[in-house]
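Step one of this worksheet: look at the structure below.
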Amino acid sequence: MLQPVVVLAGGLSHQRDISLKSGRTVAQALRQVGHEVVEADIDSSLIETLRANDGAVVFPMLHGGLGENGALLEVLQLMSIPYVGSGPATCRVSFDKSIASRTVAAAGVATPQQVALPHDIFRELGARTVIRSIGERFGLPIIVKPARGGSSLGITKVDDIDDLPQAIANAYAYDNMVVVEKFVSGTELAIGMITTSEGTHVLPAVEIRPIGGVYDYSAMYTGGETRLTAPADISNEAAHAATEMAQIVQKELDFSGISRVDAIIDESGLPVFLEAGTAPGMTATSLIPVAMKAAGLDIGEVCSRLVDDVARNHG
């Protein structure tokens, strides 16, 4: 008898729609391999739903907010409910791009020059001073993004220093901490990982070529806006280096379940870490399903294996 599963999707973050699509993909894939699946949203009836499905393994498919900052997982742990994926501390660290970047840099992974700016720094020091310093230190172009968030919401590539204040304002609309980093040109990759108690399987890297040049929200979720190639069209040495980097990130951040590392292979063939996620999208245009297909893996079988692994090791 296969383990019953509760797939959590939705919530109130900016990425609610994407989360619902991801949840549907996983729920259908699990049903196809024979699991009994209940789909649940994050609302006041959730605890009741979880109690009514005692013995089920929870499969969170939440993007942004409660789903990726570890808050909900703390509650699941409190209730001794087994769930697929990384623990609360891992989620908190990887959800904050400024902290994740520094953590992996300390382990020897290449990262872009970066500064994290809380909203009140502009109020206290004056925006002009801070913006002039960024321009002098980093040069152009630069990337501006919210420290916490996903789906590339609020991200801007800045080519002209006069556009920087607006880019920073856009990012503050999504979070009160903004990350500004030196733009790294090269080949953009997403490296998916599947981690169980038996170890980590690094999936073939997916090469991302957005038609508009920046992999933003529209490029991510509009069919035809981005060309994805898996395995990536890079040298064997670069592919090996990217896999090695993903393994270091997995170990440092302690990822479990399905995770993803985003990187750029720079002009010298070195992989540069951009960010990592504990809850990557699983929609029709998402990167992990593309990588799984390239590896000859079935989504339902992978998800089923993760559920069984959690059920077996819980308690």
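The values are calculated or read from the model by the stated rules, or taken from the named source; none is laboratory data. Not measured: the values here are computed from a predicted model. All Cβ positions, even for glycine, are placed from backbone atoms using ideal geometry, and neighbour counts span all protein chains on display. The accessibility values were calculated without ligands, DNA or RNA, using every heavy atom of the protein model including side chains. Shrake-Rupley method; radii C 1.70, N 1.55, O 1.52, S 1.80 Å.
Given a Förster radius of 25 Å and the C-beta distance between R24 and A71 as r, what FRET efficiency does 1/(1 + (r/R0)^6) yield to the nearest 0.05? Can you show the working numbers first?
Details: r = 23 Å, r/R0 = 0.92.
Here the calculated transfer efficiency is 0.60.
Express the accessible area of segment 114-182 per residue in Å², computed with a 1.4 Å probe while the remaining protein chains stay in the model. Intermediate results must be reported in sequence, preceding the final value.
Numbers: 3470 Å² over 69 residues.
It amounts to 50 Å² per residue over segment 114-182.
Checking the cross-link filter: which lysines have an alpha carbon closer than 23 Å to that of K251, excluding same-chain neighbours under 8 positions apart?
K97
For segment 114-182, give the percent of accessible area contributed by carbon and sulfur heavy atoms, probe 1.4 Å, rounded to a whole number. Display every interim value, and only then the final one.
Details: 1690 of 3470 Å².
Exposed carbon and sulfur together represent 49 percent of the surface.
How far, in degrees from 0 to 90, does helix 16-32 lean away from the longest principal axis of the Cα atoms of the chain, to the nearest 10?
Helix 16-32 sits roughly 40 degrees off the main axis of the chain.
I need the shape label for segment 62-114. Rule: rounded when a/c is under 1.5, else prolate if a/b > b/c, else oblate, with a, b, c from the alpha carbon gyration tensor. It would help to have the intermediate numbers written out before the result.
Numbers: a/c = 3.52, a/b = 2.38, b/c = 1.48.
Because a/c hits 1.5 or more and a/b exceeds b/c, segment 62-114 counts as prolate.
Ignoring ligands, DNA and RNA, what percent of the accessible area of segment 5-84 is carbon or sulfur (1.4 Å)?
Values: 1770 of 3640 Å².
It is 49 percent, rounded to a whole number.
Report, in degrees rounded to the nearest 10, the 0 to 90 angle that the Cα long axis of helix 127-138 makes with the longest principal axis of the chain.
Roughly 90 degrees between the two axes.
Relative contact order of segment 231-315, please, whole-number percent, based on alpha carbon pairs below 8 angstrom and at least 6 residues apart. List each step's numbers first, then the result.
Working: 63 pairs, mean separation 17.9, N = 85.
Value for segment 231-315: 21 percent.
Excluding L270 itself, what net charge comes from residues whose Cβ is under 13 Å from its Cβ, given Lys and Arg +1 and Asp and Glu -1?
Values: positive: none; negative: E237, E244, D266, E267.
Summing Lys/Arg as +1 and Asp/Glu as -1 gives -4.
Round to the nearest 10 and give me the degree value, 0 to 90, for the angle of helix 97-106's Cα axis relative to the longest principal axis of the chain.
Helix 97-106 and the main axis of the chain meet at about 90 degrees.
Could you check which residue among A241, A147, A27 shows the biggest mean-square fluctuation in a GNM of the chain with a 10 Å Cα cutoff?
Looking only at A241, A147, A27, the largest GNM fluctuation is found for A241.
State the extension gain, in nm to one decimal, for the chain segment bounded by R209 and L78, taking 0.36 nm per residue of separation less the distance between their alpha-carbons. Write down the numbers at each step before the final one.
On the way: separation 131, 0.36 × 131 = 47.16 nm, distance 4.22 nm.
Here the segment from R209 to L78 would lengthen by 42.9 nm.
For semi-axes √(5λ) of the Cα gyration tensor in Å, one of [x] 33, 22, 17; [y] 29, 24, 20; [z] 47, 31, 15 was computed from the structure I shared and the rest are decoys. Which label?
[x]
Defining a contact as two alpha carbons under 8 Å apart and six or more residues distant in sequence, what relative contact order in percent does segment 5-84 show?
Details: 117 pairs, mean separation 31.9, N = 80.
Taking the mean separation of contacting Cα pairs over the length of segment 5-84, I get 40 percent.
Restricting to Cα pairs below 8 Å that are 6+ residues apart, what does the relative contact order work out to for segment 114-182? Please round to a whole percent.
Details: 111 pairs, mean separation 30.8, N = 69.
With pairs under 8 Å counted, the relative contact order is 45 percent.
Using Cα positions and a limit of under 19 Å, work out the lysines in reach of K293, with same-chain residues fewer than 8 apart set aside.
Hits, sequence-local ones excluded: K21.
Can you tally the net charge around Q114? Count Lys and Arg as +1, Asp and Glu as -1, for every other residue whose Cβ sits under 9 Å from the Cβ of Q114.
+2
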